[in-house]
Amino acid sequence: MSTPPIRVRTAAASDTGQVRDNNQDSYLVGTTVFAVADGMGGHAGGEVASSEALEPIAALDAREFATAAEATEALRDAILEANARVVAHGEEHPELAGMGTTLTAGLLREGRLHLAHVGDSRAYLLHADGDLLQLTTDHNLVEQMVQDGRISRDQAAKHPQRNVITRAIGVEREVQVDTLEPIALRPGDQVLLCSDGLTGPVDDEVIRARLTAGEADEATVSQLVRAANEAGGPDNITAVLLRVEGAEDHGDGATPAAAAGAAGADEAHGARAGAGDGAPGPTHEISTAPGSLDSSDWAAQFGRLGEQQGARRGSVGDPKSPRGRGRLGRLTAGLLGLVLLVGLIGGGGYALVARAYFLGVDDDGLVTIYNGIPQEIAGVPLHWEVEGTDLVADELPSYRQSRLEDGLAVNNLNQAHSTVRSWSEDLEAEADDDNDTDDDNDADDDRDGD
Ligand code: CA
């Protein structure tokens, strides 16, 4: 091989962030394999999905491959295996139905980095000369809109639907895995794998600045997590850093393709449990009110989604719609909450995993919290009702009504709740004011008399 021998130092950090109750990200730092997985799903589903997805990757650690092609193939197979495992786990544990995860995995062989991924967890390469390249292409709706020329890259960075991913592990039996040409690493290069909890709130320039700040490896990943938290920390944050040095450089703790001070591959679970801020949070469902979701309801709704293909406009959550399993029958049992399948539209096994919420108005004129995005494809709505409210849209000030018209995007269910709460309080305060003027005329007169 023409590539010079290298050593790699590693560091990783993971944090729940400022908004979420638990950390559903997982990461893996082995001797030759590295990965980040960003889980999603109710109950403990997200954590289960992301940690389970790492196991087939961990099984590749320190394995030798005769050719580069064989290594890439093994990485792809491991991701397919991860998908099969999470799907099977979901089928065996109905309470975890609907879980899924991203998976971005790297494998080092003979000084080259092999990469494969599904979802929107990214891999970056920072060259010794300071150029920062995003190696992966996000599998999300916003990236697709950029590629279609519908929005600019700058608009994408702040787009409210940037967290809607178009591919995920564990959602369907079939999954399309992107593999990259192996990248020759040179001394001074840095590779960063990270979840969107970092790249959402923190832009590339900040990432570049942190990586080039000259800080120690552990401090660098901590500072990346800190930057995301200081920018609001809306999601779980995970960063895995590889720093490349020449094999003849004797950096502390570095071994030929080594994991310095990081969890071994066989500690995939430990790595996630030990993620950043220590104690894993409670594993209750974070984004749904207790009892508000029930997998059979979701199953019925997805069935209706199938039936409504090409039908008139209408909400998936319309309680008057006929129920049925439709063409999505085999998929429905495993779906809960966060996963919206639109495979039926393109016929291509295509999944939209909607981690997005918005406020809209239902058929009865009530403000309603929806999961998904306020759009339709071929007459099929890409959203469904999560919770109704008793807030009558018509009673709201007109500027609020107009914000609801196209769907008011919110970051999460908590934000949806607090928006509804403050709007209700404003209405009540207004009503109280009116009452005060009507009922207290006598009192006012008395006071005037004083
Ligand atoms: Ca995330």
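How large is the accessible surface of residue 110 in square angstrom, using a 1.4 angstrom probe and rounding to the nearest 10?
Residue 110 exposes around 90 Å² with every protein chain in place.
Short version: ³J(HN,Hα) in whole Hz for each residue of the stretch 100-109, in order, from phi by Karplus 6.51 cos²θ - 1.76 cosθ + 1.60 (θ = phi - 60°), x for Gly and Pro, what are they?
Calculated HN-Hα couplings, in order: x, 7, 7, 7, 10, 10, x, 9, 9, 8 Hz.
Could you tell me the calculated FRET efficiency between residue 231 and residue 134, based on Cβ-Cβ distance and R0 = 22 angstrom, to the nearest 0.05?
So the FRET efficiency works out to roughly 0.75.
Of the GluC sites (Glu not before Pro) in the stretch 146-249, which ones lie in a loop per DSSP and count no more than 14 other C-beta atoms within 10 Å?
174, 215, 248
Can I get the semi-axes of the stretch 89-237's equivalent ellipsoid? Compute them from the C-alpha gyration tensor as square roots of 5 times the eigenvalues, in angstrom, largest first.
26, 20, 17
For a quick check of understanding: with a 1.4 angstrom probe and all protein chains in place, what accessible area in square angstrom does residue 112 have, to the nearest ten?
60
Which whole-Hz ³J(HN,Hα) couplings does the stretch 127-141 yield from phi under the Karplus relation 6.51 cos²θ - 1.76 cosθ + 1.60, θ = phi - 60°, glycine and proline marked x?
So the J values, rounded to whole Hz, are 6, 3, 7, x, 6, 9, 10, 7, 7, 8, 10, 4, 8, 9, 5.
In terms of modelled amide H atoms, which long-range or inter-chain residues lie less than 5 Å from the amide H of residue 39?
25, 26, 50, 102
Calculate, for the stretch 28-166, the solvent-accessible area per residue in square angstrom, rolling a 1.4 angstrom probe over the heavy atoms of the protein chains.
35
How charged is the neighbourhood of residue 154? Take every other residue with its Cβ under 13 Å from the Cβ of residue 154, and add Lys/Arg as +1 and Asp/Glu as -1.
In short, 0.
Starting at the first residue of the stretch 192-203, write each ³J(HN,Hα) from the Karplus equation 6.51 cos²θ - 1.76 cosθ + 1.60 with θ = phi - 60°, in whole Hz, x for Gly and Pro.
These are the phi-based 3J(HN,Hα) values: 10, 9, 7, 8, 6, x, 8, 7, x, x, 10, 8 Hz.
Using only Cα atoms, locate the centre of the stretch 3-78 and the centre of the stretch 226-242, then give the distance between them in Å, rounded to an integer.
Cα centroid to Cα centroid, the span is 17 Å.
Could you estimate the translational diffusion coefficient of the stretch 1-100 from the Stokes-Einstein equation, with Rh from the Kirkwood formula over C-alpha pairs, at 25 °C and 0.890 mPa s, in whole µm²/s?
The Stokes-Einstein estimate is 163 µm²/s.
Protein chains only, probe 1.4 Å: how do 20, 226 rank by accessible area, largest first?
Result of the area sort, largest leading: 226, 20.
The values are calculated or read from the model by the stated rules, or taken from the named source; none is laboratory data. Quick caveat, the model's predicted, so the values are computed rather than measured. Virtual Cβ from ideal backbone geometry, glycine too; neighbours counted across all protein chains shown. With ligands, DNA and RNA removed, areas are computed over all heavy atoms of the protein, side chains included. Shrake-Rupley method; radii C 1.70, N 1.55, O 1.52, S 1.80 Å.
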